[in-house]
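The structure appears below as structure tokens.
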Amino acid sequence: MRTGLRTEIAVSICLLLGAALMFAGFLLVKLTEQELLEQRLQHARATAALVVTLLQQTTVLAQDAVARDVDSYASISTVVAMLQKQSDLLGWRLLDSRQQVLASMMVADLPPFEISPVVTVYNEPSEVLNYSSRLLPWQAKKVSYVDLSIAADSDDSIGSLLQLRFSLQSLVERIHRAQRLILIYVVAYGLVLCLFGIYLLHRNLVQPIRRLQQATAEVAAGSLVPLAAADGPVEIVDLSNSYNQMIDALQKSRTETETHICSLESANLSLEQARDQLVRSEKMATVGHLAAGMAHEIGNPLAALVGYLGLLEADQRDCLQKDLIERCQTETGRIDKLIRELLDYAAPGSGEAVPVDPVAVLRETVTMLQHQGMFDGVVVDDRCGQVTAQVLLDSHRLQQVWVNLLLNARDAMDGTGTVHLATEINGDRFAVLINDEGPGITAAQVGKIFEPFYTTKDPGKGRGLGLAVCQRIIDAAGGRIEVRSGTSGTIFSVCLPLVGTAHSETRDV
């Protein structure tokens with residue numbers, strides 16, 4: 001099982017802090033114990049010296065040996081009884097020069113006194129310490145005491161050796177109480193220190209690391225949001241600053257990558273447009289050569305044929321023959337119109353480009369088509385408003401564009417419906433929008449409708465040159481034609497560069 005950084009550091013702090021406090025506490029207890037033990041021993045020595053002094057005084061005051069024995073024993077018993085009530089005296093005994101017991105008393109079942117050679121040989125006081133502080137509660141309980149052996153100084157004393165045994169249990173109990181207090185102090189103080197240390201650890205280390213971990217996960221998810229200014233230790237602040245520097249570098253790298261991708265996409269689009277332009281140029285060249293050849297090879301015989309038909313019609317009185325001649329003239333007119341469309345496609349730039357109002361030309365074209373009966377059943381919704389705009393283009397060529405687009409809108413609705421007209425101004429560009437309510441065209445058809453001889457109309461109703469001619473005329477004027485189509489209709493947007501400044505109140509389609 002894996003543990004977190006906070007848990008590991010908290011456990012380590014608790015263990016180290018607890019060990020340090022326990023060591024310091026028990027060291028203090030041990031030093032105090034030594035001091036108290038020394039004080040207790042000094043008190044025992046003073047008591048023993050007092051008893052010896054009383055013993056010597058009693059010996060001097062007695063007149064004979066029998067009196068000394070009786071009075072000494074009585075005096076010693078009285079003094080020892082008094083001391084036993086006021087101190088921790090466990091027992092005593094008095095020995096003569098032959099180490100025979102003259103008098104003794106023992107209040108408990110304890111080991112007998114021992115005679116040290118230090119007393120008998122060197123006539124010096126002797127101490128035997130039997131002490132156990134029992135630091136651990138499960139240790140066996142032992143009786144602690146100290147034995148003092150003191151030799152009498154006077155030759156006339158009734159005894160040559162006095163031994164006293166003092167209890168040290170009160171000292172042991174005091175030490176045990178101190179140990180319990182130290183343990184409680186260590187637990188309470190250690191708990192407070194550990195909680196405070198864990199709080200500081202969480203605020204200054206764990207919380208910033210978790211925030212950095214969360215931010216790193218967000219970076220992996222694609223978010224490059226820098227961290228807020230961090231407070232705390234210098235290392236955490238430096239780590240946060242380094243992270244923000246990394247985020248800044250990643251943002252710059254992403255921006256450079258996106259810019260590079262955009263430039264590649266733009267270059268790819270330019271290449272596609274150049275390719276399409278080359279394809280159109282090749283088609284235009286082919287159609288141009290074809291139109292020029294047809295103009296020479298078909299145009300001259302066709303002109304002669306038209307002239308001969310005119311002569312025949314003038315001399316013909318038979319209605320049937322005259323009707324046939326008129327039919328021939330109609331068909332030759334269709335051939336002549338096709339040749340003219342081919343020539344218009346091959347040479348769209350003919351005519352003088354002058355500033356012209358595209359909206360005025362559009363409205364004139366609508367009026368002309370209505371007068372000719374080509375817009376019967378079609379409602380024109382003019383939302384162009386009051387516009388003042390000028391574009392540089394031949395008015396006849398511009399009218400040719402409007403005628404083709406309006407007739408295409410009519411045909412898309414099968415001759416009935418509403419055609420919406422609107423204008424837009426975008427900087428130095430002026431756009432005219434023609435929107436029909438037909439079924440729309442597919443995306444694949446949108447990419448082909450400007451190709452020569454491509455048409456979506458039924459056979460015999462279109463030759464596929466109208467939109468191609470319109471695009472060539474608008475391209476030559478520096479503009480473009482855009483198409484947006486859906487199930488609710490198709491919008492043709494003719495965008496042309498403005499001459500000067502345009503002002504209008506327009507409404508979108």
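The values are calculated or read from the model by the stated rules, or taken from the named source; none is laboratory data. What you are looking at is a predicted structure, and each value in this text was computed from that prediction instead of being measured. Please note: Cβ atoms are built from the backbone with ideal geometry, for glycine as well, and neighbour counts cover all protein chains shown.
Key figures
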item	result
Count - residues of region 370-386 that are at pLDDT below 85 and assigned to a helix (DSSP H, G or I)	1
Filter result for the condition that a residue is assigned by TED's automatic domain parsing to the domain that holds P355, of a type in the set (D, E, K, R) and touching a residue at least 60 places away in the same chain (Cβ under 8 Å), over D428, D394, D411	D428
Whichever residue in region 186-198 is surrounded by 13 or more Cβ atoms within 10 Å (Cβ to Cβ) and over 37 Å from the mean Cα position of the chain (by Cα) and, among such residues, is nearest to A10 (Cα to Cα)	G190
So R68, is it among the charged types (D, E, K, R) and modelled with pLDDT of 80 or more	no
Hey, I247 modelled with pLDDT of 80 or more and either touching a Pro at 6+ places or on another chain (Cβ under 6 Å) or surrounded by fewer than 10 Cβ atoms within 10 Å (Cβ to Cβ) (or both) or not	yes
Cβ-Cβ under 9 Å pairs, at least 6 apart or on other chains, region 435-449 side closer than 22 Å to R275 by Cβ, far side of a type in the set (G, A, S) and assigned to a loop (DSSP other than H, G, I, E, B)	I449/G464
For G478: the one exception among (1) touching a Pro at 6+ places or on another chain (Cβ under 9 Å); (2) part of a loop (DSSP other than H, G, I, E, B); (3) modelled with pLDDT under 85	(3)
T418 being in a strand (DSSP E or B), exposed (fewer than 15 other Cβ atoms within 10 Å of the Cβ) and among the hydroxyl-bearing types (S, T, Y)	yes
Top-ranked residue in region 341-360 [being over 21 Å from L465 (Cβ atoms) and not acidic (D, E); ranked as modelled with the lowest pLDDT]	A353
Residue count, region 141-191 (criterion: modelled with pLDDT of 85 or more, farther than 30 Å from E124 by Cα and of a type in the set (D, E))	0
Criterion (surrounded by 11 or more Cβ atoms within 10 Å (Cβ to Cβ) and within 30 Å of L15 (Cβ to Cβ)) met by exactly one of L227, L201, L171	L201
Matching residues, region 364-377, being surrounded by fewer than 18 Cβ atoms within 10 Å (Cβ to Cβ) and closer than 16 Å to D436 by Cα	M374, D376, G377
Test: residue in region 307-315 that is modelled with pLDDT of 80 or more, farther than 30 Å from D475 by Cα and loosely packed, with under 11 Cβ neighbours inside 10 Å	yes
Positions within region 10-28 being farther than 10 Å from C194 by Cβ, in contact (Cβ under 8 Å) with a residue 24 or more places away in the chain and among the hydrophobic types (A, V, I, L, M, F, W, C), in sequence order	L21, M22, F26, L28
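Listed here are the residues, each with its yes/no results for (1) more than 21 Å from L191 (Cβ to Cβ); (2) of a type in the set (S, T, N, Q); (3) over 36 Å from the mean Cα position of the chain (by Cα); (4) not in a helix (DSSP H, G or I).
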site	(1), (2), (3), (4)
V11	no, no, no, no
L21	no, no, yes, no
L28	no, no, yes, no
L31	yes, no, yes, no
V51	yes, no, yes, no
